[in-house]
Each structure stands twice: as C-alpha cells, then as structure tokens.
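Heads up, the thing below is written out as structure tokens.
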Amino acid sequence: METCCGACHIKLKDEDVIAIDQLNTFYHLACANLPIELIEDVGLYKNMQKYVFVR
C-alpha cells in the first residue's frame, strides 16, 4: 500500500520532505497549509519509519 500526500494525493517518496499533523496525516511540506501548532513532525519520509503506523 502506498502512502500519499493528504493535500495533493501524490505518492510520497523516500526523499520527500513531509509534515505530519496531529491526526497523523502526511503532507508534502509545500502542501501543508496548516498552522504551526497543528504540525507534529517534519522530516524526510524515509526517516518517518520511526512511527508504528508507517511500517
């Protein structure tokens, strides 16, 4: 199963910089039109394997 951006619905690649919101939705950093207080984490998608729900 592929993970896609919550805004543009394009498949996330390992080298994409992404943001995760409080509801665990992934966004490309450029697509994340969220207030800063709603963003939980920012980083490369390949580094987000630390979250159990990504594995």
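The values are calculated or read from the model by the stated rules, or taken from the named source; none is laboratory data. Values in this document were obtained by computation on a predicted structure and should not be read as measured data. Using ideal geometry, Cβ is built from the backbone for each residue, glycine included, and neighbour counts are taken over all protein chains shown. Accessible surface is based on the protein model in full, side chains and every heavy atom, while ligands, DNA and RNA are left aside. Shrake-Rupley method; radii C 1.70, N 1.55, O 1.52, S 1.80 Å.
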Longest exposed-site-free window of the chain, the sites being chymotrypsin sites (Phe, Trp or Tyr not before Pro) in a DSSP loop that have at most 13 other C-beta atoms within 10 Å: 1-50
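Return the carbon/sulfur percentage of the accessible area of the chain, one whole number, probe 1.4 Å, all protein chains in place.
The nonpolar share, carbon plus sulfur, comes to 54 percent.
Contour minus end-to-end for ILE10 and ASN33, with contour as 0.36 nm per residue of separation and end-to-end as the Cα-Cα distance?
6.7 nm
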With Rh as the Kirkwood radius over Cα pairs, the chain has Rg/Rh of 0.91
Considering only PHE53, THR25, GLY43, whose Cα is most displaced toward the positive end of the charge dipole of the chain, charges sitting on Cβ of Lys, Arg (+1) and Asp, Glu (-1)? PHE53
Qualifying GluC sites (Glu not before Pro) in the chain, DSSP loop, other Cβ atoms within 10 Å at most 15: GLU2, GLU15
Dipole moment magnitude, nearest 20 debye, the chain about Cα centre, only Lys, Arg, Asp, Glu C-beta charged: 200
